[in-house]
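The values are calculated or read from the model by the stated rules, or taken from the named source; none is laboratory data. Just so it is clear, the structure is predicted and the values come from calculations on it, not from any experiment. Cβ placement follows ideal geometry from the backbone for every residue including glycine, while neighbour counts extend to all protein chains displayed. To get the accessible areas, we keep the full protein, side chains included, count just its heavy atoms, and leave off ligands, DNA and RNA. Shrake-Rupley method; radii C 1.70, N 1.55, O 1.52, S 1.80 Å.
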Amino acid sequence: MQAKESMPSVDALTKMPLEERQKYLDARLRELVAYAYERAPALKERFDRAGVKTDEIRGAEDLERIPVLRKDELIQLQKDNPPFGGYLAVPLETLARIYQSPGPIYDPQRRRGFAMGGGLPPDFGKGQIVINTWSYHITPAGLGIDEALRNIGFTVVPMGTGNTELQVQVMYDLKANGFCGTPSFLKIVIDKAEEMGYDFKKDFNLKFAVVGGEMGGEPLRKMFQEKYGIFCLGGDSYGTADVGTIATGCEQQSGMHVTTDAIVEIVDPGTGKRLGPNEVGEVVVTPFDEVYPLIRFGTGDLSSLLDEPCACGRTTARLPKIMGRAGDAVRVRGMFVHPKQTDEAISGFPEISRYQLVVTRPQHRDEMVLKVELADEAADKEKLKSALDKDFRGICKVRFDRMEFVAKGTIPEGAKGIVDERVY
Ligand SMILES: [Zn+2]
């Protein structure tokens, strides 16, 4: 994967005619397949098992001959062959960092960095302070976005998640210009500031926000702009810890443009067959990544591809939005929670006979309520609650908002561990 000198710029790539770009993407795909087959044993096995020779993959359309790699399968591959399940294509000692995402899945730091949303005005960057509230530990978001912000010229305050009062204080003391994180967390910070007696619009210097990582952020973005004069950059952005940034919004706020640093397909989640424009299916990604070539990684997210040109001038296809999960894992406040994790958290508590985690979205914020049936009604509920809160957070990386004890038989036998009742 050395032909970098002849690579067109990202700007040129996103604006070139569809056919020309497809030729470029297909050439990179062929290069990736040949490279990865030689270096990643799990991938070689996958091709061999499917009876596909690397030179038979001429372009994106041939990819459907390779089965989609599911998250569950990757978890198992990593368990059988730790730490990366045979997908690492570079020597382990060359890795700068290793991250973990829910599953657990271990992710080597990739060559592909995080991408900031489009529509960045030219006067943004140098001399401006940004509060980065993405998590800095174990997940790639914090450091990845930190690096992307610094590359543009911003000075970053590595705040990480939580600690709302401290966020308010730092934002106020440093007269921070920008915020980076989820829209719902920015709302929490603003609410906290006002609760502490500040007039957010007058007392703070927050002029812009790069917010994303969750669905349904649009009404909040509108509110930030109209009520507080905070310019929201780009729009939504979408990516996963496994494959990095997949699509970013533009100033038109009419969907997210897919990256030119990967092949992004929409497939039938059952068969893995590619679907046409505007058909809803699972987002499957093949990142051009020489470190960790996850060819045809199934994100489990549902969306569609819009291939009409955008008013912003980019010709890359857009994902209008993410419509939900193809499988059982749900994304809550930017983090995926899988029933396997909730099962694991609950399994340490024999006094619980059944449970169900219900996800809703009141007031534009994801909320998780853990419903619990007790095997032993005499169990100490307060003690159970605090112990479970701790274990749940440790295993699932997010906290539930409330725990409700429900009567025996309320949760049906064989009910799903997580139900997503969010309406956007
Ligand atoms: Zn656009």
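Remark on Asp236: its backbone amide H falls under 5 Å from those of Gly249, a criterion applied only to residues 5 or more positions apart or on other chains, H modelled at 1.01 Å from N. Around the Cα centre of the range 257-376, unit charges on the Cβ atoms of Lys, Arg, Asp and Glu (plus for the first two, minus for the last two) sum to a dipole of about 340 debye. Using C-alpha pairs below 8 Å separated by at least 6 residues, the relative contact order for the range 197-249 is 33 percent. Under 5 Å between amide hydrogens, built in the peptide plane, is the criterion, and for Ile131 it picks out Val157, Gly178, Phe179, Cys180 among residues at least 5 positions away or on other chains. When a 1.4 Å probe is rolled over the protein heavy atoms, the share of accessible surface on the chain that falls to carbon and sulfur comes to 51 percent. Pairs spanning more than 28 Å between alpha-carbon atoms, out of Lys79/Lys381; Lys222/Lys371; Lys371/Lys397; Lys187/Lys390: Lys79/Lys381; Lys222/Lys371. Pairs of Cα atoms nearer than 8 Å and 6+ residues apart set the relative contact order; for the range 63-115 it is 28 percent. Using a probe of 1.4 angstrom and keeping all protein chains present, the accessible surface of the chain works out to 46 square angstrom per residue. Of all aspartates and glutamates in the structure, the ones whose alpha carbon falls short of 19 Å from that of Lys202, not counting any fewer than 8 places away in one chain, are Glu165, Asp173, Asp191, Glu194, Glu226. Rounded to the nearest 20, the size of the Cβ-charge dipole of the range 253-299 about its Cα centre is 140 debye, with Lys and Arg at +1 and Asp and Glu at -1. How about Lys408: which aspartates and glutamates have a C-alpha closer than 13 Å to its C-alpha, ignoring those fewer than 8 places off in the same chain? Reachable aspartates and glutamates: Glu351, Glu373, Asp376, Glu377.
With the charge dipole of the chain set up from +1 on Lys and Arg Cβ and -1 on Asp and Glu Cβ about the Cα centre, the Cα lying farthest toward the positive end among the listed residues Gly212, Phe124, Val419 is that of Phe124. A cut-off of 5 Å between modelled amide H atoms, ignoring neighbours fewer than 5 places along the same chain, links Ser353 with Glu373, Leu374, Ala375.
Would you please name the trypsin sites (Lys or Arg not before Pro) within the range 1-76 that are DSSP coil residues with at most 14 other C-beta atoms within 10 Å of their C-beta?
Lys53, Arg58
Note on surface exposure: Met171, Met323, Met16, Met223 rank Met323, Met223, Met16, Met171 by accessible area, highest first, 1.4 Å probe.
The helix-based estimate of mean residue ellipticity at 222 nm for the chain, built from -39,500 (n - 2.57) per DSSP H run of four or more residues and divided by its residue count, is -9000 deg cm²/dmol to the nearest 500.
For the chain, give the magnitude of the charge dipole about the Cα centre (Cβ charges: +1 Lys/Arg, -1 Asp/Glu; no others), in debye to the nearest 20. Mind showing how you got there, number by number?
Working: 56 positive and 63 negative charges, 101 e Å.
Roughly 480 debye, rounded to the nearest 20.
Relative contact order of the chain: 13 percent, from C-alpha pairs under 8 Å at least 6 residues apart in sequence. Placing unit charges on the Cβ atoms of the charged side chains and taking the dipole of the chain about its Cα centre, the candidate lying farthest along the positive direction among Ala50, Val359, Ala96 is Ala96.
Note on surface exposure: His137, His338 rank His137, His338 by accessible area, highest first, 1.4 Å probe.
For the range 19-150, the Kirkwood hydrodynamic radius comes to 17.5 Å, computed from all pairs of different C-alpha atoms.
For the set Lys23/Lys273; Lys44/Lys340; Lys71/Lys321; Lys175/Lys227, the pairs lying more than 26 angstrom apart at their alpha carbons are Lys44/Lys340.
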